[in-house]
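Right, one structure below, let's go through it.
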Amino acid sequence: MSLLVKRNTFPRSSGNGLVRTLCALLFLSTFGKAGVAQESSAQHPGAVAPLAELLQEAEKNNPQIEAARQGWQAAKQVPTQVSTLPDPQFTFQHLSVGSPRPFAGYTNSDFAYVGLGVTQDIPYPGKLKLRKEIAKREAEVSQQQVESVRRAVLAEVKAAYFQLSYLSKTLAILGSDGELLRQVEQAADARYRSGMGTQQDVLQAQLQKTKLVREIAMHHLEVGKLEAQLKQFLNRPQDSPDIEPADLAETPLLQTYDELLTAAKAQSPELAGAKKMIEKQSLQVDLAHKDFYPDFNVQYMWQRTDPTQFRAYYMVSFGVRVPIYRGRKQKPELAQAQSEELRARSEFEAQSHQLAFELRAQYVVAQQTTELLKIHREGLSPQARSAFQAGLAAYQSNKQDFQAVLTSFLDVLHLDEEYWNDLAEYATAIARLEQITGLSLR
């Protein structure tokens, strides 16, 4: 501030030279990066990464999708395990009389023997089949989770890609609109040198240019974050080359809300998984009823005494495991299964309402953003540029004050940024609709 105060005491020609020097330095620092980026892009036209290729890469390499897929593969191994009979138990018996040494009792007592046996537990008929069906439903739920995770990851990739494209476009806009600001600054400087303007006009133009420097820096910060996020989704090293997005394009949404809702209900992995969970809990109730019935046990035993005097013995035993603690085990188990079934049905209903809500919200965003984009294209943007050019000409003719020209410039800058921001929001809403419905809307 002290420099600015002293500057008013300098001769006008010296002040003009200092102003021009500062303007040139600020202009180079502001738009140098943008120019380098544009030049680099022109030299490497093939560096643009198509979204379709990134989606394929994410589907193949993303660890979240792979973890869900492996969870499904693990769940598929359970049905055969739970539907197989328990492992049999083999028994070896030895009875000696009069001596602790093995096989020494034959000479001391007729009661000495060696026995071999096998025992098999047999659940009540229908229990194993129910356990198999329950495990199958659980595996089917895991399968739907794979699809749910896949859609969610791809939607996040799309959203990050669109936001990155928006930032790339706005960086170019800041460079091109900076040329307009340079025109404003030149007009302010010309009026100041001619004695019709004030130094404050030039300083305001410099201040606005410095704000553009800050905005460019903030955009580069956000670009860095999005690059890191995309590399995480793609399972790429963070020190790998950055991703260059393609330009955003508006794709018309041809489907109605009812058509999208029908597709969502038919193809939603969340709803499909909730239905499978209801089936699983219903089977769990049936199994809880089966647990009121006894399980069985069969044992076969072979015994050999002194082979010179007696023949071998063969024995079959049949046992029953009776559920006598029904009030403390089976009844609470049944009540738990019934409550879990009711919970699954309530969760399915809640999931249906949530799906309809999310679909409606994204559909409204897409529809309203389409209207905003049309207003920008056909009204706001051309009107703002026309107003700016007219205001700049009037200012140069000393028919308008500087603040009005600066306001017109800011309108152009903000409307340009808002257009591409709206376009990114529209593309993101379409991506969310694709996630919910499973349709390809592009």
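The values are calculated or read from the model by the stated rules, or taken from the named source; none is laboratory data. What you see is a predicted model, and the numbers here were worked out from it, not measured in a lab. Note that each Cβ is placed from the backbone with ideal geometry, even for glycine, and that neighbours are counted across all protein chains shown. The protein model used for the area step is the full one, side chains on, heavy atoms only, and it has no ligands, DNA or RNA in it. Shrake-Rupley method; radii C 1.70, N 1.55, O 1.52, S 1.80 Å.
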With GLN299 itself left out, Lys, Arg at +1 and Asp, Glu at -1 over residues whose Cβ is under 15 Å from its Cβ give -2
What does the net charge come to around LEU253 if you take all other residues with beta carbon closer than 14 Å to its beta carbon, with K and R at +1 and D and E at -1? -2
Mean accessible surface per residue for segment 210-347, computed with a 1.4 Å probe while every protein chain stays in place, in Å²: 63
Expressed as a whole percentage, what fraction of the accessible surface of segment 334-428 belongs to carbon and sulfur atoms when a 1.4 Å probe is rolled over the protein heavy atoms? 51
As a quick test, which of the pairs LYS76/LYS225; LYS265/LYS290; LYS60/LYS127; LYS158/LYS280; LYS76/LYS127 have an alpha carbon distance above 31 angstrom in this structure? LYS76/LYS225; LYS265/LYS290; LYS60/LYS127; LYS158/LYS280
Proximal lysines to LYS169, defined as alpha-carbon separation beneath 16 angstrom and excluding residues fewer than eight positions away on the same chain: LYS33
Interchain or long-range residues, amide H under 5 Å from PHE296's placed H: ILE122, TYR124, ARG321
